[in-house]
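*Asks:* Would you mind keeping the following structure in view while I ask a few things?
Rule-based calculations on the coordinates, nothing more; no lab input. None of the values given here were measured: they were computed from a predicted structure. As a convention, Cβ positions derive from the backbone with ideal geometry for all residues, glycine included, and neighbour counts pool all protein chains shown.
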Amino acid sequence: MNMIDVRVAAIEQVTPLIKHFKFVKEDGSKLPPFSGGSHIVVALDAEGRTYRNPYSLMGSPTETDAYHISVRRQENSRGGSAYMHENISVGMTLKITHPVNLFTLAKMAHKHVLIAGGIGITPFMSQIEDLNRLGAEYELHYAFRSYKQAAFVEELQKACGNKLHCYSDSDGKRLDMDALLSNQPLGTHVYVCGPSPMVVGVLETAKNLGWPDSNVHNEQFLAPPVGESFKVQLAKSNLEVQVPAEMSMLEAIEAAGVQPEYLCRGGVCGRCELSVLESDGGLEHNDHFLTESEKASCKKIMPCVSRTKGKRLVLDL
Amino acid sequence: MERGYWIKSKPIYTSLVWHEKATSHLVLASGIGGMAALKLFQQMHPAQPVTVLYARYAQMEVDYSETLKKVVPDNLHVFKFEEDLLTELKSIMPHMRMGLRIYVAGSEGFIWDVAKAVKPFGVDDAHIMKEQTDTLARNVYCVHCKAVTKSVTTNIVACCGCERMLFVRDHFSRNLGAYMGLMVDAESPGELPAIEEIYP
Ligand code: FES
């Protein structure tokens with residue numbers, strides 16, 4: 001994938017756990033345009049390996065002098081987010097991918113209901129810019145633990161006015177999904193980004209209320225889970241790669257010099273799909289892309305998040 | 001016609017079955033389509049509110065309105081013509097909420113009139129359950145003069161707009177709710193293949 005070199009122009013500690021990074025092109029030229037909901041992958045060389053983590057672009061898609069991302073320090077981070085927090089400073093250069101949008105706004109929607117949980121607010125930060133510019137009808141529902149830990153509430157108030165609805169756990173204010181989704185005009189689309197129980201909650205509620213699947217959108221990138229170490233054999237490249245416990249298969253393959261395709265690195269887009277030629281144990285499918293029957297057939301795997309329960313895997317790569 | 005070959009643009013119709021997950025239901029039927037509505041209520045009476053709009057006189061002049069009155073608990077509206085039904089449909093759509101499920105039964109022309117009427121309210125035709133009853137008659141769009149000849153039952157028909165003899169193709173346009181009609185004797189005027197009724 002061809003990467004863009006950027007310089008870290010500013011870093012701001014937004015909440016105790018969230019940092020906001022501003023990237024600019026080294027030569028001051030404009031970055032590629034993007035649409036609301038897009039993400040980039042940031043490549044970090046650290047401790048002898050390369051982390052590649054996806055982050056949503058925030059800010060206005062019409063202003064591409066700089067890109068803005070926010071990173072929450074994950075408790076059980078495999079290193080990516082902790083490294084971003086501790087080792088990245090202003091002036092450093094990084095490599096990022098071109099923006100990709102896997103969370104686009106539906107153009108034909110009559111109304112947009114956006115639901116964010118915690119750091120899941122980030123993709124909406126660029127979408128609301130698009131919605132405001134288009135004069136579209138929307139509501140933004142933002143749930144978080146406490147106002148102290150919630151990022152960007154003031155900016156959002158400014159940008160969205162009374163379209164913003166906040167729910168703070170510490171105030172005991174809860175978002176009633178059923179009430180929210182059972183009284184929306186026809187042609188409404190709902191979008192959710194946040195912790196897994198929230199995403200599942202929205203998907204289930206919409207389904208039970210009879211919303212068509214095409215009107216329900218979610219973005220839920222998974223962090224690659226750690227597991228047991230195993231060997232992958234790449235049949236076409238004629239290579240054998242050891243996947244360490246704390247690395248994803250995709251990362252290990254990349255470290256060996258092979259560059260499989262990817263977009264989300266979080267088990268949702270399907271781009272990294274590989275065919276399994278042989279495996280000596282069951283596959284550990286962690287993605288949201290393959291269907292249950294595809295998972296059961298053990299013929300395909302998404303190397304960005306999935307692993308094997310066995311010791312050895314042969315891939316058609 | 002080639003065998004074992006789907007024409008992608010040609011819509012597929014099914015039998016109406018209630019969606020279990022819904023917040024309300026809207027059933028639209030015309031003529032013999034009233035039978036499909038009755039069959040729905042044979043399946044069950046849904047827990048959610050149901051509205052039924054029925055037009056009595058479609059092409060075949062059958063009337064299920066009396067039986068429907070006995071079966072549909074409330075919210076049954078009977079119309080003399082499909083046009084009246086469509087006018088009422090457009091006036092109630094703005095009050096509908098997400099979770100509404102739409103069911104249509106009638107001629108193909110009626111089905112796509114309904115699809116066209118609800119589209120501006122954000123309902124995609126893919127989410128409408130459709131049952132073709134009454135007749136296989138086709139609406140035919142003349143690619144030469146853009147007129148639509150309604151209820152065509154034959155393989156070849158004279159265009160109601162330009163009077164060209166049109167061959168009725170299988171190519172269907174969802175936007176127009178009609179099959180494409182192409183001049184059949186363009187090369188050798190007056191030379192026509194046999195005209196047969198194939199869409200009774
Ligand atoms: S890169 Fe998207 S599923 Fe693996």
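*Asks:* Does segment A:111-219 come out rounded, prolate or oblate by the C-alpha gyration tensor, with a ≥ b ≥ c the root eigenvalues, rounded set by a/c under 1.5 and, if not, prolate when a/b is larger than b/c and oblate if not? Before the final figure, lay out the partial values.
*Replies:* Working: a/c = 1.74, a/b = 1.17, b/c = 1.49.
Since a/c reaches 1.5 but b/c is at least a/b, the shape of segment A:111-219 is classed as oblate.
*Asks:* Based on Cβ point charges of +1 for Lys and Arg and -1 for Asp and Glu, what charge dipole magnitude is obtained for segment B:38-97 about its Cα centre, in debye rounded to the nearest 20?
*Replies:* 240 debye
*Asks:* How shielded is A:180-190 by partner chains, expressed as the average number of their Cβ atoms within 10 Å of its Cβ atoms? If you can, show how the numbers build up before the last one.
*Replies:* On the way: counts 0, 4, 4, 4, 4, 7, 14, 9, 3, 2, 1.
Partner Cβ neighbours, averaged per residue: 5.
*Asks:* Provide the FRET efficiency to the nearest 0.05 for the B:Lys119-A:Lys158 pair, computing r from the beta carbons and using R0 = 51 Å.
*Replies:* Between B:Lys119 and A:Lys158 the formula returns 0.90.
*Asks:* Under unit Cβ charges (Lys, Arg +1; Asp, Glu -1), what dipole magnitude, rounded to 20 debye, does chain A have relative to its Cα centre?
*Replies:* Charge dipole, chain A, about its Cα centre: 60 debye, nearest 20.
*Asks:* Not counting the cut sites, what is the longest span of chain B without GluC sites (Glu not before Pro) that DSSP labels loop and that have at most 10 other Cβ atoms within 10 Å?
*Replies:* Details: sites that count: B:Glu2, B:Glu61, B:Glu187, B:Glu191, B:Glu196.
Maximal segment without exposed cleavage sites: B:62-186.
*Asks:* Next question. Considering only A:Phe103, A:Gln242, B:Tyr13, whose Cα is most displaced toward the positive end of the charge dipole of the protein assembly as shown, charges sitting on Cβ of Lys, Arg (+1) and Asp, Glu (-1)?
*Replies:* A:Gln242
*Asks:* Express in nm, to one decimal, how much length is gained between A:His98 and A:Ala46 on full extension, taking 0.36 nm for each residue of separation and deducting their alpha carbon distance.
*Replies:* Values: separation 52, 0.36 × 52 = 18.72 nm, distance 2.13 nm.
Here the answer is 16.6 nm.
*Asks:* Still on this structure: How about chain B: what cysteines have no other cysteine beta carbon under 4.7 Å from their own?
*Replies:* Cysteines lacking a close Cβ partner in chain B: B:Cys160.
*Asks:* Tell me which trypsin sites (Lys or Arg not before Pro) from segment A:139-245 have a DSSP coil assignment and no more than 15 other beta carbons within 10 Å of their own.
*Replies:* Qualifying residues, ordered by number: A:Arg145, A:Lys173, A:Arg174, A:Lys236.
*Asks:* Still on this model: Per-residue HN-Hα couplings for segment A:16-26, Karplus 6.51 cos²θ - 1.76 cosθ + 1.60 at θ = phi - 60°, whole Hz, x for Gly and Pro?
*Replies:* Along segment A:16-26, the couplings run x, 10, 10, 10, 10, 10, 10, 10, 10, 5, 4 Hz.
*Asks:* What FRET efficiency comes out for the pair A:Tyr147/A:Asp176, r = Cβ-Cβ distance, R0 = 22 Å, nearest 0.05?
*Replies:* Details: r = 20 Å, r/R0 = 0.91.
Efficiency, from the Cβ-Cβ distance: 0.65.
*Asks:* Counting other Cβ atoms within 10 Å, which chymotrypsin sites (Phe, Trp or Tyr not before Pro) in segment B:1-41 have at most 10 and lie in a DSSP loop? Numbers along the way, then the final one.
*Replies:* Working: sites: B:Tyr5, B:Trp6, B:Tyr13, B:Trp18, B:Phe41; in loops: B:Tyr5, B:Trp6, B:Tyr13, B:Trp18.
Passing sites in segment B:1-41 are B:Tyr5, B:Trp6.
*Asks:* I would also like to ask the following. Could you list which residues have their amide H under 5 Å from that of A:Glu284, counting only those 5 or more apart in sequence or on another chain, with H placed in the peptide plane?
*Replies:* A:Arg307, A:Thr308, A:Lys309
*Asks:* Further question: Show that you can apply the helix-only estimate: for the protein assembly as shown, add -39,500 (n - 2.57) for every DSSP H stretch of four or more residues, divide by all residues, and state [θ] at 222 nm to the nearest 500.
*Replies:* Helix-only estimate at 222 nm: -5500 deg cm²/dmol.
*Asks:* Counting only DSSP beta bridges with both residues in the protein assembly as shown, tell me the antiparallel percent, nearest 5. Write out the running numbers ahead of the final one.
*Replies:* Details: 56 of 105 bridges.
Of the beta bridges lying entirely in the protein assembly as shown, close to 55 percent run antiparallel.
*Asks:* Put a dot 7 Å past each Cα toward the Cβ at B:Glu187 and B:Phe81; how far apart are the dots in nm?
*Replies:* Result: 4.3 nm between the two label points.
*Asks:* Which is farthest toward the positive dipole end of segment A:3-101 among A:Ile4, A:Gly91, A:Gly48, measuring Cα position about the Cα centre, with Cβ charges +1 (Lys, Arg) and -1 (Asp, Glu)?
*Replies:* In segment A:3-101, that residue is A:Gly48.
*Asks:* Could you work out the relative contact order of segment B:24-132, using alpha carbon pairs under 8 angstrom and six or more residues apart, expressed as a whole percent? Working shown, then result.
*Replies:* Numbers: 182 pairs, mean separation 34.6, N = 109.
Averaging sequence separation for qualifying contacts and normalising by length gives 32 percent for segment B:24-132.
*Asks:* List the relative contact order of segment B:138-183 as a percent without decimals, with contacts defined as Cα pairs under 8 Å and 6+ residues apart.
*Replies:* Result for segment B:138-183 is 39 percent.
*Asks:* Quick one: dipole size for segment A:3-101, taken about the Cα centre, charges +1 on Lys/Arg Cβ and -1 on Asp/Glu Cβ, in debye to the nearest 20.
*Replies:* Magnitude of the dipole: close to 200 debye.
*Asks:* I need to check one value: relative contact order of chain B, counting alpha carbon pairs closer than 8 Å and at least 6 residues apart, in percent.
*Replies:* Details: 397 pairs, mean separation 38.8, N = 200.
Computed value for chain B: 19 percent relative contact order.
*Asks:* What distance in nm separates the two pseudo spin-label positions at B:Met44 and A:Ser214, each 7 Å out from Cα along the beta-carbon direction?
*Replies:* So the two model labels end up 2.7 nm from each other.
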